[in-house]
1. Go ahead and set up a Gaussian network model of the chain, Cα springs under 10 Å, then flag whichever of Ile229, Ile42, Ile252 fluctuates most.
2. Looking at the chain, send over the antiparallel percent of its DSSP beta bridges, to the nearest 5.
3. Which ³J(HN,Hα) values, rounded to whole Hz and listed in residue order, are derived for the range 328-340 from phi using the Karplus coefficients 6.51, -1.76 and 1.60 in 6.51 cos²θ - 1.76 cosθ + 1.60 with θ = phi - 60°, glycine and proline given as x?
4. Which residue, chosen from Pro132, Asn115, Pro104, occupies the Cα position most advanced towards the positive end of the dipole of the range 92-141, where the dipole is computed from +1 (Lys, Arg) and -1 (Asp, Glu) charges on Cβ about the Cα centre?
5. In debye, nearest 20: dipole of the range 109-343 around its Cα centre with unit charges on the Cβ of K, R (+) and D, E (-)?
6. Could you list which residues have their amide H under 5 Å from that of Asp212, counting only those 5 or more apart in sequence or on another chain, with H placed in the peptide plane?
7. Show me 295-301, 91-97 ranked by packing, highest mean number of other Cβ atoms within 10 Å first.
8. For Gly255, which sequence-distant residues (separation of 5 or more, or a different chain) have an amide H within less than 5 Å of its own amide H, given hydrogens modelled in the peptide plane?
Amino acid sequence: MKEQLLALKKACLEAISKADRLSNLQEIEVKYIGRKGELTNILRGVKDLSDAEKPVIGKLSNEVKNELEAEFKAKAHALETAELNNKLKDDTFDITVPGPDVKPGHIHPLSQVQNEVEKIFSSMGFMIMDGPEVESEYYNFEGLNIPAWHPARDMQDTFFIKDKKDKKHGRMVLRTQTSPVQLRTMEKYGAPLRVIVPGRTFRYEATDVSHDTTFYQVEGFMIDKDISISHLKGVLAQFLSKLFGKEVTVRIRPGYFPFVEPGLEVDFSCLLCGGKGCRVCKHTGWVEFMGAGMIHENVLKAGGIDPKKWQGWAFGFGLTRLVMMRHGIDDIRLILGGDLRFINQF
Ligand code: PHE
């Protein structure tokens, strides 16, 4: 039986070395060491061997089987590699074919206008500040002269964050305005200051063509000795004419915001309809552009600035609305809607 096994091994090794295709190799494997193959056939005789021979033949047959299996594996690998290499030889790769069309992204119209606003104000010596979008009631309201009982709280419908309350700072809110950064900047740097704060703001609004729950504002303020509303007019005239590249008509009306005194509303002529009246300007020809005014002394005090020594103005406008004006967009919901057919136009 030993001879039979060794003969089988020899024959099988020879067959393996002659195999030139994977399918061929598999047939050989089945024939010699498959479940119904020759090895199994030979081992049928083991039961007739003497007890002394049984373990010797058992061991040998295992060795033969293991050796052949290893051989099959190695040959299969070699054949596969050869077949792959052959395939590659016939493949041609044309490196001159242009690649798939890569569509680069671009800057969102909101960011484009924000960049321009920042550039213009930087050129006038304003620094650009940032503040948290989840803000405390203190910075968003109290510190800005709007205590909890004040009816002016109703001017800004607010998203409150559940379960967060701090003794001094109150509940947490999604900031309804960028004005809290006035206080944060005063606390951090003191006077004098020239600052703009572009940023995202939130209100609990029913949405329509001119209201959204998320929008962008730009706060601006200037604090120094002897700062007056005429400086505000000058800065705004400069800013708007640089931004639009032409003269825009501005009107100033009295307005009310608890953190300024006196308070102002600044409007400019609707660029979409040229003052004739349309959906965006609610058929008045004027677009309410911003709130402004001289910073209330309570706010200066809250920011750690002495109102006897320093004074200044502040304004806040909707960056989102400015983008709409700029591009003649008549529905605010398009701006953050994420519709590429809209976005790709800019
Ligand atoms: N924060 C005000 C608003 O969102 C705008 C404003 C800013 C008014 C600064 C006056 C001064 O309505």
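The values are calculated or read from the model by the stated rules, or taken from the named source; none is laboratory data. Because the structure is predicted, anything quoted here is derived from the model rather than measured. Cβ: placed from backbone, ideal geometry, glycine included. Neighbour counts: every protein chain shown. Surface areas here come from the heavy atoms of the whole protein model, side chains and all, with no ligands, DNA or RNA. Shrake-Rupley method; radii C 1.70, N 1.55, O 1.52, S 1.80 Å.
1. Result: Ile42 has the largest fluctuation of those listed.
2. Numbers: 45 of 47 bridges.
Beta bridges within the chain, antiparallel portion: roughly 95 percent.
3. x, 8, 9, 9, 4, 5, 5, 4, 9, x, x, 7, 5
4. The one lying farthest along the dipole's positive direction is Pro104.
5. Working: 30 positive and 28 negative charges, 38 e Å.
That gives the range 109-343 a dipole magnitude of about 180 debye.
6. For Asp212, no residues qualify.
7. Values: 295-301: 19.9, 91-97: 5.3.
Put in order of decreasing packing, that is 295-301, 91-97.
8. For Gly255, the qualifying residues are Gly263, Leu264, Glu265.
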